[in-house]
Every structure is written in structure tokens, then in C-alpha cells.
Amino acid sequence: MRQKKPTWQRELTLERIRRLFELAEESHREKTGMANRYVELAREMAMHYKAGMPKEFRTRFCRNCGAYLSAGSTSTVRTNPAKKAVVIKCNKCGNVKRFPYGKRKKSV
Ligand SMILES: [Zn+2]
């Protein structure tokens, strides 16, 4: 029973998500404490419009606690050559996620 949303709506949603992550980055730098809120909004939007979270942003927030992840400050980024994966650790809750590289995936 899942209906696909029109393409233009998906485009618009992705545009908004992109903007929210920009704002998150800005507020993170300025330490306004709003970064996590922007991440929350972006996630809500992706869910609501079933747009999915674009790959470029999946590394930018913690799935566990919802924190905005910025390499070197709120997250630690390491590569694991043995497993061919980028390992991102959230410095807030300690959640670790892995993003495989070198493998081509058909799905988004
Ligand atoms: Zn976390």
C-alpha cells in the first residue's frame, strides 16, 4: 500500500535536508547547540516524505542518539583496511558505525 511520492516532492525534500545539514554544520561551528535539532528535523523530513536519507548525509549524524557528527570533534573517523570500511564513532554515546568502501552497490 505504499504510494510513491512524486519526483518533484522528493527533490524538494532532499533540498531541504541538504539545507538543514548546512545549518547544522554552521551551528555546530558556532556552538549554538542547535546542530542536533537540525539533524532531528532532517531525519523527520526524510521519514515523513519517505525520501530516505541521502548517502552523503548518513555519515553526518548518529543513528543511536541523533547527534550531529563532525569528524574530529563529535565523531572519530577511522578507516579499517582489513575490513575495507570507514569506521565512525559517535563521541557522545559511543555508537560505532561502519561504511564499507570499494564495493559497488546497486541500491541507493
Ligand atoms: Zn551517538
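Overall form of the chain: oblate. Here a/c, set by the Cα gyration tensor axes a ≥ b ≥ c, is 1.5 or more, and a/b is not larger than b/c.
Label reach from residue 73 (point 7 Å along Cα→C-beta): in region 22-44, amide nitrogens under 16 Å belong to 22-39.
Per-residue extension of 0.36 nm, minus the Cα-Cα distance of residue 26 and residue 87, leaves a gain of 19.6 nm for this segment. Dividing the helix sum by the residues of the chain, where each DSSP H run of 4 or more adds -39500 (n - 2.57), gives a mean residue ellipticity at 222 nm of -12000 deg cm²/dmol.
Basic side chains Lys and Arg get +1 at the Cβ, acidic Asp and Glu get -1 at the Cβ, and with that the dipole of region 7-100 about its Cα centre reaches some 540 debye. Counted residue by residue at 0.36 nm each, then reduced by the alpha carbon distance between them, the extension gain from residue 8 to residue 34 reaches 6.5 nm. Ranking 27, 82, 99 by Cα position along the charge dipole of region 7-100, where only Lys, Arg, Asp and Glu carry charges on their C-beta atoms, puts 82 farthest toward the positive end. Only Cα pairs under 8 Å and at least 6 apart count here; give the relative contact order of the chain as a rounded whole percent. After rounding, I find 17 percent. Please give me the summed charge of the neighbours of residue 78: other residues whose Cβ is under 12 Å from its Cβ, Lys and Arg +1, Asp and Glu -1. Local net charge: +4.
Values quoted throughout were computed directly from the atomic coordinates according to the rules given, and no laboratory measurement underlies them. Remember, predicted model here, so these are calculated numbers, not experimental data. Don't worry about glycine lacking a Cβ; one is built from the backbone with ideal geometry, like all the others, and counts go over all protein chains shown.
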